[in-house]
Structure formats: structure tokens, C-alpha cells
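Below you'll find the structure, written out as C-alpha cells, and then a few comments.
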Amino acid sequence: MKSVVVDYGVGNLGAIVNMIRRAGGDAIIARAPEEIAKAQSLVLPGVGRFDAARQAMADWGQESVLRHLVTEQRIPTLGICLGLQLMAESSQEGALSGLGWLTDSTIRFPTGIPNSNQPLRLPHIGWNPIRATHGGGRLMAGLDQARFYFLHSYHLADATAAHVTATCDYGHVFPAVIERGNLFGTQFHPEKSHDAGLRLFRNFLAVSHD
Amino acid sequence: MIEPRIIPVLLLSDGRVVKTAGFRPWHYVGDPVNAVSQFSDMGADEILILDIGAGRDRTPIPFSLLADMAEETSVPLAYGGGLRTLEDVSAVIRSGFEKVVLTSAAVSNPDLLSTVAAIFGNQCVIGGLDVRRQGETHMVCIDGGTKPVKDLDPAQHAQAMVERGAGEILVHSIDREGSGTGYDIEVTRAVSAAVSVPVIACGGAACVDDLRRVVHEGGASAAAAGSLFVFRSHTQGVNLHLPGRIFAPGGDSTGGWR
């Protein structure tokens, strides 16, 4: 059961491969469309800037195979941090459009905390607990209130959308996990969130085997 | 809002973990892959790996060792030491690191910060500030803390690095490093007051209270330490350990160690 970690020129790719292996799966990194096409599940990595990733996807002709796998074949697809944001329609971090698989946009955290004159230090860096919503979903199984590692200044805009299965609070509440059909996404980095992250990847692999 | 982080620092020289005082001399501590694996198993908030040789003597960045270390780690990793090009940074990130520290490059080639941030995002870039106290003031130093830079105020340099693309600042006190006399609260506070990105303090921590002080009095978002987590006994026998979650809501006041 092969997971493909998509190489769009950015991302802590090795960390994701390592964690999938630790979770009992099998993963490769792929850049060429014909290699990506072999995927039985997909991971879109984080640690990268929006436009850099979107430009590389376009330059390397990855968009059409990704659309085919995700929206037509509907293989399980996990977006991590930037990877999740790429699934949206747009991002304040960049000028290029998103992939539009999720109906939402990506916005920047506000610079202040409501009702306080304390600044909100950005990026949001560190371990924060998440809270299940809308029934939690399969990716979140056993992980309500678990702490995960966040490293970002942008997030999906709508924390109340039906596809949001967990939220986090930093300055304000924002989407932390999404799940809709074959689409899964985390704003945090499960590949570097120790035991909670391992559990999340096991959940993803279990879904992928269904 | 968010729990301050406690970060063990592993100093590398020639492929081995070493211990320094004021960035010199060096004593062998242990195997890097084993060390990072242990800290990861303990659930460290992050691990910071700094290669002194690469930073100071321009020995090659140990890419293959870093990849081996990443393979053993399921907690966030940052690397610093001799990073001079986007290709260097890219190779490190791809192998499984989330952040890089740019210290000398931030002075000699500040465009590198913007270049890296444009591809990987500013959350990936830690601007490194190696500082040395000089009388009443602090001097910024480069090349592994060996070369002071004239007329460069740490707080102003921190601001400049943020403007260029740093999403975090690492304030590393050379004087305090390995001294066990506590963090340089003053310079940490000056820097954390000058920027709105998180600030990591490093250098001098001798006890868990030092970690609390630099957060509560120095305004640090994270407290990094080498010696404190690597040695324990009076005989300086090697032992890796981390404190419990002292910054957790409710606090871990047991004083226990992992």
C-alpha cells in the first residue's frame, strides 16, 4: 500500500517518510507525474511557501495527475500545514490560486489578541492541544485534546465549516484538522508530533486500507 | 496562549556531540544519533543541533549525519552551522528538519534569509544572534562566536533579521555558554522587546529555575540548553534528561526529570 509524498520543491519530506514507516506503512517521495500516478494514498507536505509550491507544481506538470487521483479516483489524501492550505482556493501568503479542493481560503493570524493590548507573537510555534468538532472523524480517532506541534503564520479561515473536525486556539480559534471524503488535512505537523502524531498516521493508514 | 518550549541543544563537532564553555574547548559527550533518539523518545519540545566546526572552521555540513539523526526523531528539529546557500538549506529541510539557524550568513549575506523565506516560509528561518557582553553593552559575533562585528546592536540586528525573513530569533550568549551562571536575561529581554516573533534564549542555564526566569523575566518564548540536559552529577558523568512540563497550565512543580 504505497503512500506518495509529493515533492513540489519544498517540504520536510524525509520526516514524513520516516513517520509513515514508523506507523507501519510504506512511502516514497515523488516529483515526476508518472511516479506520483502510482500512489495509493497521497501526502502533501508542509514547510514551504505557498507560491513556491504552486509554481513548482505547475512547472513540473503535477497538477493534472493530482487532480485525477484526488478528485476522480478519490484516493486518501493528507495535506500537512502548507499541504492543507494548498487544497484551499487561495492564500494570503501568495498570489497564485490554490487547488480549490476545499471551499475556504487561507488567511494570516491577526497581529493582536482581542480585548488585550498584548501582541500575538507570530509565527505560532509550539505544542498546543486540539479540540474535536463535528464528531471528530476518522483521522482524529483517539486524539481529542491531544497536543500537536504547530509552526505557521497562516491557517484556513473558517473554523465552523462542516469539514473541520478539530480546532485549536492561538489568539483565536482556527481549523486544526479537516476531513471530507478522501480529503484529510492538519494545520500542525503530525510527522513531528511524537506519539500523538504516530497515532494520527496510523489512523490515516487505517483509512487508506479501507 | 502557548506553552513556552524547552529545547535541548546538541553541539556537533566532527560528527560527535561535544560540550563547550564559551564555545571552546570541546569535550566529547556522545554519539549524535543516539543522543537525538533519546531526546526524541523523551518527547522533547524541539531539538536544536548546532555544528560548531561548520560554523567556525568551515568544515563541511554533515548532511548524511543530519539525515540519520532525522530518521531517529519524531519531534521538531532545527539545524545551524555553516549554512551559506539555499541549496544547503534545502538539503537539510528535505532530510527531515523543520527549521534552520542562520547566524554568520545573517551578517555577511542577509539576502539569504529572504531567499530561504521566499521558498520555505519565514517560520523555517531562525535568525541566530551570538552575543558577547562587552562592559555595559553586548556585541554581536559571527563565525562561531570568534569575530565581533563593530557597531551592531543585538536588538537592532534582530529587527533587521526579522525584516529580511526570520520567523524566530535565537539569542545565544557566548559568555554564559557552559558557565552554569544563568541566562543573559538583559540581552534576551532587549531582543524580545524589539521583535514580535518568538525568541529562543540559549547559554548559561544551570537549573530549572533559570528556564522559568528567562521566560518570565527575559520574555523568551523558548529556553534552550546544552549542559543542563546533558550533565547531571557533580562528577560530570554523561546523562541525558529533560525536565517535566514546568510551563504547563497548572505547572509541573514536582521538580521531576524525564
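The values are calculated or read from the model by the stated rules, or taken from the named source; none is laboratory data. The structure presented is a predicted model; accordingly, all values stated were derived computationally and were not measured. Virtual Cβ from ideal backbone geometry, glycine too; neighbours counted across all protein chains shown. SASA here: full protein model, heavy atoms, side chains in, ligands and nucleic acids out. Shrake-Rupley method; radii C 1.70, N 1.55, O 1.52, S 1.80 Å.
How fast does segment A:29-175 diffuse by Stokes-Einstein, in µm²/s, taking the Kirkwood radius from C-alpha pairs at 25 °C and 0.890 mPa s?
150 µm²/s
Can you pull the one-decimal nm distance between simple spin-label points at residue B:91 and residue A:115, each 7 Å off the Cα toward Cβ?
Computed distance between label sites residue B:91 and residue A:115 equals 5.2 nm.
Could I have the simple spin-label model distance between residue A:105 and residue B:118, label points 7 Å from Cα toward Cβ, reported in nm to one decimal?
So the two model labels end up 2.5 nm from each other.
With the full set of protein chains in place, find how many percent of the accessible area of segment B:37-160 is carbon and sulfur; take the probe as 1.4 Å.
48 percent
Pick from A:54, A:67, A:199 the residue whose mean-square fluctuation is largest in a GNM of chain A, springs joining Cα atoms under 10 Å.
A:67
I need the calculated FRET efficiency for the pair residue B:34 and residue B:179, taking r as the beta carbon distance and R₀ as 30 Å, to the nearest 0.05.
0.70
First check a/c for segment A:64-130, with a ≥ b ≥ c the square roots of the eigenvalues of its C-alpha gyration tensor; if it is under 1.5, answer rounded, and if not, answer prolate when a/b is larger than b/c or oblate otherwise.
Verdict is prolate for segment A:64-130.
Once you sort the root eigenvalues of the Cα gyration tensor of the protein assembly as shown as a ≥ b ≥ c, which label holds: rounded (a/c under 1.5), prolate (a/b larger than b/c) or oblate (the other case)?
Prolate.
Per DSSP helix of 4 or more residues, -39500 (n - 2.57); summed, then divided by the residues of chain B. What does that give at 222 nm, rounded to the nearest 500?
Estimated from H runs of four or more residues: -9000 deg cm²/dmol.
Which order do A:155, B:27 take when ranked by solvent-accessible area (1.4 Å probe, heavy atoms of all protein chains), largest first?
So, going from the largest accessible area down, we get B:27, A:155.
Of A:129, A:58, A:42, which is farthest along the charge dipole of chain A in the positive direction, counting Lys and Arg as +1 and Asp and Glu as -1 at C-beta?
Positive-most Cα among the choices belongs to A:129.
Could you state how much accessible area is buried at the B-A interface, both sides summed, with a 1.4 Å probe, in Å² to the nearest 100?
The summed interface area works out to 3100 Å².
Binning every alpha carbon pair distance of chain B at 5 Å from zero, what are the percents per bin?
1, 7, 15, 20, 22, 18, 12, 5, 1, 0
Per 0.36 nm of contour for each residue apart, how much would the distance between residue B:248 and residue B:216 grow if the chain were fully extended, relative to their Cα-Cα spacing?
Between residue B:248 and residue B:216, full extension yields an extra 10.1 nm.
Hey, how much of the P(r) for segment A:1-88 falls beyond 16 Å, as a percent of Cα pairs?
It works out to 46 percent of all Cα pairs.
What is the mean number of Cβ atoms from other protein chains located within 10 Å of the Cβ atom of each residue in peptide B:97-107, rounded to a whole number?
Mean number of neighbouring Cβ atoms from other chains: 2.
Subtracting the Cα-Cα distance from 0.36 nm times the residue separation, let me have the gained length for residue A:63 to residue A:195 in nm, one decimal.
Result for the pair: 44.2 nm of gain on full extension.
Peptide B:28-40: average number of partner chain Cβ atoms within 10 Å per residue?
Other-chain Cβ atoms within 10 Å of each residue's Cβ, averaged: 0.
Rank these by accessible area, largest first, 1.4 Å probe: B:150, B:99, B:19, A:2.
Listed by decreasing accessible area, they come as B:150, A:2, B:19, B:99.
What does the C-alpha gyration tensor say about the overall shape of segment B:135-207? Classify as rounded when a/c is under 1.5, otherwise prolate if a/b is larger than b/c, or oblate.
Oblate shape, in that a/c is at least 1.5 and b/c is the bigger or equal ratio.
Gaussian network model of chain A, Cα springs within a sub-10 Å range: biggest mean-square fluctuation belongs to which of A:182, A:115, A:128?
A:115
Under a point-charge model restricted to the Cβ atoms of Lys and Arg (+1) and Asp and Glu (-1), what is the dipole moment magnitude of segment A:130-192 relative to its Cα centre, in debye to the nearest 20?
Rounded to the nearest 20 debye, it is 100 debye.
Which of the listed residues, B:12, A:151, A:9, is farthest toward the dipole's positive end in the protein assembly as shown, when Lys, Arg count +1 and Asp, Glu count -1 at the beta-carbon?
Farthest towards the positive end: B:12.
Given C-alpha coordinates of segment B:73-202, what is the ratio Rg to Rh with the Kirkwood estimate of Rh?
Dividing the radius of gyration by the Kirkwood radius yields 0.96.
For the protein assembly as shown, give the magnitude of the charge dipole about the Cα centre (Cβ charges: +1 Lys/Arg, -1 Asp/Glu; no others), in debye to the nearest 20.
The dipole magnitude comes to about 440 debye.
In segment B:6-81, if every C-alpha pair distance is counted and binned at 10 Å from zero, what percent goes to each bin?
20, 57, 22, 1
Give me the dipole magnitude in Debye, nearest 20, for segment A:51-210 about the Cα centre, with unit charges on the beta carbon: positive for Lys and Arg, negative for Asp and Glu.
340 debye
At what distance in angstrom do the alpha carbon centres of segment B:104-167 and segment B:1-68 lie from each other?
Going from one Cα centre to the other spans 20 Å.
Identify which of B:149, B:92, B:162 has the largest mean-square fluctuation in a Gaussian network model of chain B, with springs joining Cα atoms closer than 10 Å.
Of B:149, B:92, B:162, the Gaussian network model singles out B:149 as fluctuating most.
More than 14 Å apart: what percent of Cα pairs in segment B:109-160 qualify?
Percent of Cα pairs beyond 14 Å in segment B:109-160: 57.
Report ³J(HN,Hα) in whole Hz for each residue of segment A:87-100, in order, from the Karplus equation J = 6.51 cos²θ - 1.76 cosθ + 1.60 where θ = phi - 60°; Gly and Pro get x.
6, 7, 7, 6, 9, 5, 6, x, 9, 7, 7, x, 7, x
Applying 1/(1 + (r/R0)^6) with R0 = 56 Å to the Cβ-Cβ distance of residue B:163 and residue A:209, what FRET efficiency is obtained, to the nearest 0.05?
The calculated FRET efficiency here is 0.70.
Over all residues in B:111-123, what is the mean tally of Cβ atoms on other chains that come within 10 Å of each residue's Cβ?
Counting Cβ atoms of other protein chains within 10 Å of each residue's Cβ and averaging gives 5.
Hey, if we sort A:57, B:1, B:42 by accessible area with the 1.4 Å probe, largest down, what's the order?
Result, largest first: B:1, B:42, A:57.
How many lysine pairs does the protein assembly as shown hold where the Cα atoms are under 24 Å apart and the two sit 8 or more places apart or on different chains?
Lysine pair count for the protein assembly as shown: 5.
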